[in-house]
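The values are calculated or read from the model by the stated rules, or taken from the named source; none is laboratory data. The structure presented is a predicted model; accordingly, all values stated were derived computationally and were not measured. Ideal geometry is used to build each Cβ from the backbone, glycine not excepted, and the neighbour counts take in all protein chains shown. Keep in mind that these areas ignore ligands, DNA and RNA; they rest on the heavy atoms of the full protein, side chains included. Shrake-Rupley method; radii C 1.70, N 1.55, O 1.52, S 1.80 Å.
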Amino acid sequence: MNAIRFHTHGGPDVLRFEEVPVPKPRPGEVLIRVRACALNHLDIWQRRGLPHVTIPLPHISGSDVAGEIAASSQSDLPAGMRVMLQPGISCGRCQACLSGRDNACAKYEILGYRNYPGGYAEYLTIPVANVVPIPETIDFVRAASFPLTFLTAWHMLVTRAGLKQGEDVLVLAAGSGVGQAAIQIGALLGARVFATAGSADKLAKARALGAEETIHHHQQDVAAEVLRLTNRRGVDVVIEHVGEATWPHSVRSLARGGRLVTCGATTGAKAGLDLQALFAKQLSLLGSYMGTKGELLQIAPLLFAGRLNPVVDSTFPLARAAEAQQRLESSGHFGKIVLEV
Ligand SMILES: [Zn+2]
């Protein structure tokens, strides 16, 4: 089969389009013919190399996948069935897994990250529990654009931050995968959504997705603008994933009793904190990582019914994966960048 692999860490030029053997499913797994694979920042981190993570080389990235069952021993998952994949793989037997918190499993890993080769390839294998059938009305590109970001945003807003109808939520970087998902989920839940972005065009797109207030993060002081728009009150929830560059603004934007939930640190992981603000304003700082299998099954019908719509920025053929990653790194995109396989 054809796949994109890297044999050493580095820039986009280390990505090689090459022929590799089709993987064989182990017991409890199915073989998937990949049709679309959406990019995530995780793909970039693994390609560049992470200081404390060893990635077996050569490596095939790709966590967000839609395609067809190619081979399966499960009678309810016949060959040809159209599916999308839950990107979180867990042991299925531990206390966390059996309590429905599989994203807290000690053996948790993400498809295409370390031991499970991902969707930058024509075929991959995955445990049966990670397969989610999709209807004919959902094309592969949209299906591949859904799982990781919408699952992450749902877990942050609903499970971790407990966002309620009528609350105010600030979503950073509206054009990012998590950003566009969080705006839609916030609006669907009846919250007032504030979104930030770095261009007028992106701010207009954020409003079209359901943001009521938008802030230009290059031209405006985000926290000052949030406080002005809320009559000095601040927002109930902040959705963080940018890290060092935005953290102080995010904390200053919180109302008394506000919750800040973070799933990433794209600009750096070192952040300071005013402890006086933390206790006096009774703030909650929450970490969030992916989401559970049950949550993806809970939100999949919202995709199928058209109530949540992943925004697709652009598509590239598999062979042009390097170009697709460069577009993700340039931050010029709005929504998901998808490889068609
Ligand atoms: Zn487990």
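Which one is farthest from Thr292 (Cα to Cα), of the residues in the stretch 101-133 that are touching a helix residue (DSSP H, G or I) at 6+ places or on another chain (Cβ under 8 Å) and among the aromatic types (Phe, Trp, Tyr)?
The extreme case among them is Tyr120.
Going by what's in this entry, would Ala79 be described as in contact with a strand residue (DSSP E or B) (Cβ under 7 Å, 6 or more places away or on another chain), more than 15 Å from the ligand (Cβ to nearest atom) and not in a loop (DSSP other than H, G, I, E, B)?
On the way: in contact with a strand residue (DSSP E or B) (Cβ under 7 Å, 6 or more places away or on another chain): yes; more than 15 Å from the ligand (Cβ to nearest atom): yes; not in a loop (DSSP other than H, G, I, E, B): no.
Against the criterion (in contact with a strand residue (DSSP E or B) (Cβ under 7 Å, 6 or more places away or on another chain), more than 15 Å from the ligand (Cβ to nearest atom) and not in a loop (DSSP other than H, G, I, E, B)), Ala79 does not qualify.
Given the criterion in contact with a strand residue (DSSP E or B) (Cβ under 7 Å, 6 or more places away or on another chain) and either closer than 14 Å to Pro23 by Cβ or modelled with pLDDT of 95 or more (or both), identify the matching residue among Ile69, Ile138. Let's see the steps before the verdict.
Numbers: Ile138 fails: in contact with a strand residue (DSSP E or B) (Cβ under 7 Å, 6 or more places away or on another chain).
It is Ile69.
In the stretch 253-303, what count of residues is obtained for those that are surrounded by 14 or more Cβ atoms within 10 Å (Cβ to Cβ), among the basic types (Lys, Arg), within 23 Å of the chain's Cα centre (by Cα) and over 24 Å from Phe150 (Cα atoms)?
Total satisfying the criteria: 0.
Please go through the stretch 210-234 and pick out each residue that is among the charged types (D, E, K, R), crowded, with 17+ Cβ neighbours inside 10 Å and under 16 Å from Val251 (Cα atoms). If you could, list the steps in order and put the result at the bottom.
Narrowing the stretch 210-234 to residues among the charged types (D, E, K, R): 212-213, 221, 225, 228, 232-233.
Subsequent filtering for residues that are crowded, with 17+ Cβ neighbours inside 10 Å retains 213, 225.
Hit for the stretch 210-234 is Glu225, nothing else.
Starting from the stretch 3-23, take each residue that is part of a loop (DSSP other than H, G, I, E, B) and list its partners that are open to solvent by less than 60 Å² (accessible area, probe 1.4 Å) and among the β-branched types (Val, Ile, Thr), counting only C-beta distances under 9 angstrom and pairs at least six apart or across chains.
His7/Val14; Thr8/Val14; His9/Ile55; Val20/Ile60; Pro23/Thr125
For the stretch 1-39, which positions are open to solvent by less than 20 Å² (accessible area, probe 1.4 Å) and of a type in the set (Phe, Trp, Tyr)?
Within the stretch 1-39, just Phe6 meets the criteria.
Answer yes or no: is there a residue in the stretch 142-153 that is surrounded by fewer than 24 Cβ atoms within 10 Å (Cβ to Cβ) and over 24 Å from Val226 (Cβ atoms).
yes
Name, by its number, the condition in (1) within 16 Å of the ligand (Cβ to nearest atom); (2) part of a loop (DSSP other than H, G, I, E, B) that does not hold for Asn103.
(2)
Across the stretch 80-111, which residue is most open to solvent (accessible area, probe 1.4 Å) among those that are polar (S, T, N, Q) and over 21 Å from Val30 (Cβ atoms)? Full working, then the answer.
So in the stretch 80-111, the residues polar (S, T, N, Q) come out as 86, 90, 95, 99, 103.
Pick out the ones that are also over 21 Å from Val30 (Cβ atoms) and you get 95, 99, 103.
Details: Gln95: 130, Ser99: 64, Asn103: 26 Å².
In this case the residue turns out to be Gln95.
Filtering the stretch 111-143 down to residues that are closer than 21 Å to Pro12 by Cα and of a type in the set (A, V, I, L, M, F, W, C), which residue is nearest to the ligand (Cβ to nearest atom)?
Going through the qualifying residues, I end up with Leu111.
Can you tell me which residue in the stretch 60-76 is nearest to the ligand (Cβ to nearest atom), limited to those that are of a type outside the set (D, E, K, R) and buried (at least 23 other Cβ atoms within 10 Å of the Cβ)? Reasoning before the result, please.
Just the residues of the stretch 60-76 that are of a type outside the set (D, E, K, R), to begin with: 60-63, 65-67, 69-75.
Checking the rest, the ones that are also buried (at least 23 other Cβ atoms within 10 Å of the Cβ) come to 61-63, 65-67.
Details: Ser61: 24, Gly62: 23, Ser63: 19, Val65: 21, Ala66: 25, Gly67: 25 Å.
This residue is Ser63.
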